Amino acid sequence: MGLRWVVPLAAIMLISACTGPIETRVSSSGVALSSDRTILNEQHGNHSDILVQARSLTLQQLDSRGFSLAPNGAHKLDVTVSERPANLLVTTGTEQGKAVLTSPKPKKPLQSCVDSEFNLVVRLTRVADGTELYRGRASEYHCKASLADVLPFLVNAALADLSSPKGEHIIKRRGFD
């Protein structure tokens, strides 16, 4: 009788290893945005599909918040996307003055693959003088999910504090790891 619960329990444990709490690390900073909510409509050269998708999702979010593209927009929008193996240590500086930019993420128990870190940064600057008005950064670790799958969550998190930047904080959600 005890053996008949082993297979379902094992299946649940395997499935739960791929889904679970996902922590989105968010950092936002900025000053009050002007009432002019126009974004400079720039022509972009050849970019990767993932960057085009990130910019499109960002523009959709900004449109829902009252921003619009204009040939002489008051704000310049920059969107950057990156992906790296999460087990890498990234530093800057010399041996005497080395600063750690990112620490390696330890593997979770029973984890079958190496995590990747997905990162998105959205920056709005004033065209007239280059002043940075808003910077939102969102990043997550994932073992099996792709960057394309995670982009909508990263865009939402990076722009969540647009009206009132909150600094560094973590948003938790359930999803595919």
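The values are calculated or read from the model by the stated rules, or taken from the named source; none is laboratory data. Predicted model only: the values in this text are computed from it and were never measured. Here Cβ is always computed from backbone atoms with ideal geometry, including for glycine, and neighbour counts include all displayed protein chains. Each accessible area value is taken on the protein alone, full model and side chains, heavy atoms only, with ligands, DNA and RNA left out. Shrake-Rupley method; radii C 1.70, N 1.55, O 1.52, S 1.80 Å.
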- Any chance A138 is surrounded by 18 or more Cβ atoms within 10 Å (Cβ to Cβ) and either over 24 Å from R174 (Cβ atoms) or basic (K, R) (or both): no
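Among the listed residues V122, V127, which satisfies the condition of being of a type in the set (V, I, T) and within 22 Å of the chain's Cα centre (by Cα)?
V122
Which members of the range 117-135 meet the condition of being among the aliphatic types (A, V, I, L, M) and exposed (fewer than 13 other Cβ atoms within 10 Å of the Cβ)?
Across the range 117-135, the qualifying residue is only A128.
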- Kindly establish whether A86 is among the small types (G, A, S), buried (at least 18 other Cβ atoms within 10 Å of the Cβ) and more than 24 Å from R55 (Cβ to Cβ). yes
- Query: Given the structure, is A54 surrounded by 13 or more Cβ atoms within 10 Å (Cβ to Cβ), over 25 Å from R173 (Cβ atoms) and of a type in the set (A, V, I, L, M, F, W, C)?
  - Reply: no
- Pull up the range 161-174, narrow it to residues that are open to solvent by 50 Å² or more (accessible area, probe 1.4 Å) and assigned to a loop (DSSP other than H, G, I, E, B), then point me to the one that is farthest from H75 (Cα to Cα). K166
- In this structure, is V114 β-branched (V, I, T) and either open to solvent by less than 10 Å² (accessible area, probe 1.4 Å) or not in a loop (DSSP other than H, G, I, E, B) (or both)? no
- Pairs under 7 Å by beta carbon, first residue open to solvent by less than 70 Å² (accessible area, probe 1.4 Å) in the range 32-45, partner β-branched (V, I, T), six or more apart or different chains? L40/V127
- Query: Does the range 149-157 contain at least one residue that is over 24 Å from N41 (Cα atoms), open to solvent by less than 10 Å² (accessible area, probe 1.4 Å), β-branched (V, I, T) and not in a loop (DSSP other than H, G, I, E, B)?
  - Reply: yes
